[in-house]
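S.K.: The structure under discussion is supplied below as structure tokens; questions concerning it will follow.
Here, each number is a calculation from the coordinates, and none is a lab measurement. Since the model is a prediction, treat every value here as computed from it, not as a measurement. A quick note on method: Cβ atoms are made from the backbone with ideal geometry, for glycine too, and the neighbour counts reach across all protein chains shown.
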Amino acid sequence: MSLAADGSLHSPTSGQSRHDWTRDEVRALFDLPFPELMFRAQCAHRQNFDPAEVQISTLLSIKTGGCPEDCAYCPQSARYATGVGAGKLMALDAVLAEARAAKAAGASRFCMGAAWREPKDRDLDSVCAMVEGVKALGLETCATLGMLTAPQARRLKASGLEYYNHNLDTSPEFYGGIITTRTYRDRLTTLDHVREAGIHVCCGGIVGMGETREDRVGMIVSLASLPVHPESVPINMLVRVAGTPLAEEAALDPIEFVRTIAVARIAMPRSVVRLSAGREDMSEETQALCFLAGANSIFYGPKLLTTPNPGRDRDRELMDKLGLSPME
Ligand code: SAM
Ligand code: DTB
Ligand code: SF4
């Protein structure tokens with residue numbers, strides 16, 4: 001480790017992207033004393049980003065509930081009585097009105113989520129029109145619509161889609177206990193289609209689902225072993241929703257969550273790491289530690305897809321307190 005003339009810290013490895021992380025290496029990162037782990041994460045962060053900048057995304061559920069899949073964490077699965085009703089795909093005008101409001105509030109990216117296993121081609125026409133409209137407002141566009149075929153990914157790219165979110169969610173071993181209606185391989189195939197279409201990949205996972213640390217290791221290794229690291233890596237803390245099979249899951253220790261962020265930052269140093277779902281119930285101190293661990297993106301606005309997120313005032317106050325500013 002050395003101190004450069006500009007005062008920034010350089011280590012021989014933290015600025016490079018590796019795709020051959022082993023489980024032993026990633027486990028060893030998780031096992032580091034917390035100060036050492038945080039130091040290494042900060043080195044990787046500073047070599048690739050301004051640590052005072054945070055990318056701001058806003059989420060909109062364009063099609064809520066009634067999903068045929070059985071993802072055990074999800075309030076939108078039709079299989080669980082969560083009180084989330086099945087809605088229709090929103091109209092274009094209504095989506096654009098939300099996008100304008102998000103832009104006015106300071107978001108740089110607008111992410112449209114649909115509770116589908118996969119989009120029907122007819123629905124994709126509507127989503128492509130939404131992507132075109134949102135892009136025309138000067139926002140970056142992101143969508144998360146479930147599994148995609150290669151031609152569907154190409155159509156989204158042609159409409160101007162910049163990011164597609166599709167998570168690996170957890171380790172390959174733990175996965176089968178959480179979702180049975182699609183496989184890990186299915187997810188990797190969709191990610192290939194997105195990448196081949198030339199769309200940026202947003203891919204991460206959820207922690208706090210009862211998985212072991214070894215599963216968190218496996219999740220990070222899977223993400224960092226993708227042929228190209230995802231440009232965006234959302235790390236979600238499980239939002240425990242009544243009616244879902246994971247409603248009564250024990251809360252994950254916040255320090256373990258911070259460690260997961262730090263390890264993601266080190267393993268994928270050039271990716272934007274999002275402190276994603278779960279902030280509503282997170283203290284300011286935990287969130288501050290996540291930023292120090294290398295998180296540099298958040299969802300901004302009072303709602304995620306169906307669950308609450310901190311209000312804009314609360315987030316502005318936190319960013320001001322920490323001296324963080326929006327990434328352009
Ligand atoms: N239906 C599409 C799919 O599954 O790909 C898109 C929307 S889905 C809600 C997007 C992601 O949100 C999931 O992959 C999961 O990682 C995350 N998610 C869903 N419910 C969550 C919860 N209760 N807590 C944390 N993350 C959650
Ligand atoms: C992601 O990784 N997290 C977001 C986004 N991608 C689509 C979704 C979080 C959803 C939390 C539960 C809900 O609000 O329904
Ligand atoms: Fe459906 Fe996506 Fe929820 Fe799974 S995570 S139940 S696919 S909306």
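S.K.: Hey, what did the chain get for relative contact order, percent, Cα under 8 Å, at least 6 apart? Display every interim value, and only then the final one.
M.R.: Details: 645 pairs, mean separation 78.1, N = 328.
Dividing the mean separation by the residue count of the chain yields 24 percent.
S.K.: Output needed for the stretch 42-176: three equivalent-ellipsoid semi-axes, defined as square roots of 5 times the C-alpha gyration tensor eigenvalues, in descending order, whole Å.
M.R.: Result for the stretch 42-176: semi-axes of 25, 22, 16 Å.
S.K.: Work out, step by step, the length gained on full extension between Arg79 and Ala52: first 0.36 nm times the residue separation, then minus their alpha carbon distance; give nm to one decimal.
M.R.: On the way: separation 27, 0.36 × 27 = 9.72 nm, distance 4.22 nm.
Taking 0.36 nm per residue and subtracting the Cα distance, the gain is 5.5 nm.
S.K.: Any chance you could run the full-extension gain for Thr22 through Arg270? It's 0.36 nm times the residue separation minus the Cα-Cα distance, nm to one decimal. It would help to have the intermediate numbers written out before the result.
M.R.: Numbers: separation 248, 0.36 × 248 = 89.28 nm, distance 1.85 nm.
Net length gain for the segment: 87.4 nm.
S.K.: Next up: In Å, what Rg and Dmax follow from the Cα atoms of the chain?
M.R.: 18.8, 59
S.K.: Can you give the calculated 222 nm mean residue ellipticity of the chain, where each DSSP H run of n ≥ 4 adds -39,500 (n - 2.57) and the sum is split over every residue, rounded to the nearest 500 deg cm²/dmol?
M.R.: On the way: 11 runs with 126 residues, N = 328.
Only helices count here, giving -12000 deg cm²/dmol.
S.K.: What are the principal axis extents of the Cα atoms in the stretch 258-328, in Å, biggest first?
M.R.: Each principal axis gives a Cα extent; for the stretch 258-328 these are 31, 27, 25 Å.
S.K.: Can you give me the Rg/Rh ratio for the stretch 62-126, using Cα atoms for both radii and the Kirkwood formula for Rh? Provide the component values of the computation, followed by the final result.
M.R.: Numbers: Rg = 13.5 Å, Rh = 13.2 Å.
Ratio value, two decimals: 1.03.
S.K.: Another question about this same structure. Taking the Cα centre of the stretch 175-269 as origin, work out the dipole magnitude from +1 charges on Lys and Arg Cβ and -1 charges on Asp and Glu Cβ, in debye rounded to 20. Could you put the intermediate results ahead of the total?
M.R.: Details: 9 positive and 11 negative charges, 29 e Å.
Here the size comes out at about 140 debye.
S.K.: If you check each cysteine of the chain for another cysteine whose beta-carbon is under 4.7 Å away, which ones come up empty?
M.R.: Unpaired cysteines in the chain: Cys43, Cys67, Cys128, Cys202, Cys203, Cys290.
S.K.: Right, something else. Over 21 Å between Cα atoms: which of Lys88/Lys303; Lys63/Lys135; Lys88/Lys157; Lys103/Lys303 fall into that group?
M.R.: Details: Lys88/Lys303 18 Å; Lys63/Lys135 19 Å; Lys88/Lys157 24 Å; Lys103/Lys303 15 Å.
The pairs that break the limit, which is 21 Å between Cα atoms, are Lys88/Lys157.
S.K.: Limiting things to C-alpha atoms, what are the Rg and the maximum Cα-Cα separation (Dmax) for the stretch 198-279, in angstroms?
M.R.: According to the Cα coordinates of the stretch 198-279, Rg and Dmax are 12.9, 40 Å.
S.K.: Could you list the residues of the stretch 70-90 with an amide nitrogen less than 17 Å from a label point located 7 Å from the Cα of Arg122 in the Cα-to-C-beta direction?
M.R.: Backbone N within reach: 87-90.
S.K.: Another question, then. Can you give me the convex hull volume of the Cα atoms of the stretch 102-142, divided per residue and expressed in Å³?
M.R.: Details: hull volume 2.6 nm³, N = 41.
Spelled out: Cα convex hull of the stretch 102-142, divided by residues, is 62 Å³.
S.K.: For Thr180 and Thr149, compute 0.36 nm times the residue count separating them, minus their Cα-Cα distance, and round to one decimal in nm.
M.R.: Details: separation 31, 0.36 × 31 = 11.16 nm, distance 1.98 nm.
Roughly 9.2 nm would be gained on extension.
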